[in-house]
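Have a look at the structure below before the remarks.
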Amino acid sequence: MIALAARGVVPGLSVVLVGDDAASAVYVANKEKFARQVGMHGDTIRLPASTTQAELLALVEQLNADDAVHGILVQMPLPSHIDPDVVIRHIAPHKDVDGFHPVNVGKMLIGHTDGFLPCTPAGVIELLVRSGVETRGAEAVIVGRSNIVGKPMAALLVQARAGGDATVTVCHSRSRDLFEHTRRADILIAAVGRAEMIRGEHIKPGATVIDVGMNRVADASRASGSRLCGDVHFESAEAVAGKITPVPGGVGPMTIAMLLQNTVRAAERTASRIGA
Ligand code: GUN
């Protein structure tokens, strides 16, 4: 950032939010807030749920062509009349700070470092490395096979490098004996989107538990009538796990940190290309 500032470059992140999904609105506001806090140019383009796919693609093209925009993020989920894969493929790969474009997914899979890593799985790796959790040779079990978390998480943990070298199992809704797998895990990553489904009895004593879930459940004891929770039942899991991430406040802030890191990298690469 300092080197970029000396060259007169301010990393720019444009976030696009279509429709009025309440959770997405909170995520997007946080992304913009933290981008500005670290001195980036962050703006959010809010479009109505009635926006057509063609209109959204036209906006992405405009952002692709804008030299002040280094990173583009289209918040998911999109309204059902818009195909997310078409939109993701439309974002210029060198501005795809989400790491969702097939070019960046491919680079991640083969271990090339000149693409962008998807923010949530990259944040999990960073958490493991910085917390001194040994991934080499560890049994890592991921619950969930989404394109955003489960699949890329497996790809990163299996790479032959620091924060990798794990033996990876990916579990999903068709897995037999799910908890047989979770009980074997040295590192258990829950990314399934089901409130508190993993409890202490499903966890190996001393395991590292990473909770990627973000669920809102009814809670009559709260003034709001609801609370946020993860895919892991924190109280029972905490008693068994060696290390565990809370929800909120665990993986979420790391995801945003990785997004900002990707945006700085995008700005650095653009600045090098145009000789700023
Ligand atoms: N929706 C939930 N997580 C994400 C994310 O990391 N990126 C985008 N674009 N949408 C999301």
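The values are calculated or read from the model by the stated rules, or taken from the named source; none is laboratory data. Predicted, not measured: the structure shown is a model, and the values here were computed from it. Cβ atoms come from the backbone with ideal geometry, glycine included; neighbour counts cover every protein chain shown. Side chains included, ligands, DNA and RNA excluded: accessible areas come from the protein's heavy atoms. Shrake-Rupley method; radii C 1.70, N 1.55, O 1.52, S 1.80 Å.
Carbon and sulfur atoms: what percent of the 1.4 Å accessible area of the chain do they account for?
Values: 7180 of 13310 Å².
Whole-percent figure for carbon plus sulfur exposure: 54.
Roughly what angle does helix 251-274 make with the longest principal axis of the chain, taking Cα atoms, 0 to 90 degrees, to the nearest 10?
Approximately 30 degrees, to the nearest ten.
What is the packing order of peptides 77-83, 155-161, 214-220, 198-204, taking the mean over residues of other C-beta atoms within 10 Å and listing the highest first? Please list the in-between numbers first.
Numbers: 77-83: 14.4, 155-161: 17.1, 214-220: 12.6, 198-204: 19.7.
Ranked from most to least packed, the peptides come out as 198-204, 155-161, 77-83, 214-220.
Using only DSSP helix segments of four residues or longer, with each worth -39500 (n - 2.57), what per-residue ellipticity at 222 nm results for the chain after dividing by its residue count and rounding to 500?
On the way: 10 runs with 104 residues, N = 276.
Theoretical 222 nm ellipticity from helices: -11000 deg cm²/dmol.
Relative to the longest principal axis of the C-alpha atoms of the chain, give the angle of the C-alpha long axis of helix 119-130, reported between 0 and 90° and rounded to the nearest 10°.
That works out to roughly 60 degrees.
Rounded to the nearest 5, what % of DSSP beta bridges with both residues in the chain are antiparallel? Spell out each step's value before the answer.
Working: 4 of 32 bridges.
The antiparallel proportion sits near 10 percent.
How tilted is helix 53-65 with respect to the longest principal axis of the chain? Cα atoms for both, answer in degrees (0 to 90, nearest 10).
Helix 53-65 and the main axis of the chain meet at about 70 degrees.
Can you give me the long-range amide H partners of Ser146? Hydrogens built in the peptide plane at 1.01 Å from N, cutoff under 5 Å, separation of 5 or more residues or another chain.
Lys151
Order the peptides 31-43, 137-149 from the highest to the lowest mean number of other Cβ atoms within 10 Å of their residues.
Details: 31-43: 16.6, 137-149: 20.7.
Ranking the peptides 31-43, 137-149 by packing returns 137-149, 31-43.
Given a 1.4 angstrom probe, what's the average accessible area per residue across the chain, in square angstrom? Please list the in-between numbers first.
Values: 13310 Å² over 276 residues.
Here the per-residue accessible area is 48 Å².
According to a simple spin-label model (label point 7 Å from Cα along Cα-to-Cβ), what is the distance in nm between Arg216 and Ser50?
Each label point is offset 7 Å from its Cα along the Cβ direction, giving 2.4 nm.
Based on the Cβ-Cβ distance of Val103 and Asp43, what FRET efficiency does E = 1/(1 + (r/R0)^6) give at R0 = 30 Å, to the nearest 0.05? Mind showing how you got there, number by number?
Working: r = 25 Å, r/R0 = 0.83.
So, using R0 = 30 Å, E works out to roughly 0.75.
Beta carbons within 10 angstrom, averaged per residue: use that to sort the peptides 167-179, 222-234, 250-262, highest first. Intermediate values should be presented prior to the final figure.
Values: 167-179: 14.5, 222-234: 16.8, 250-262: 21.1.
Result, highest mean Cβ count within 10 Å first: 250-262, 222-234, 167-179.
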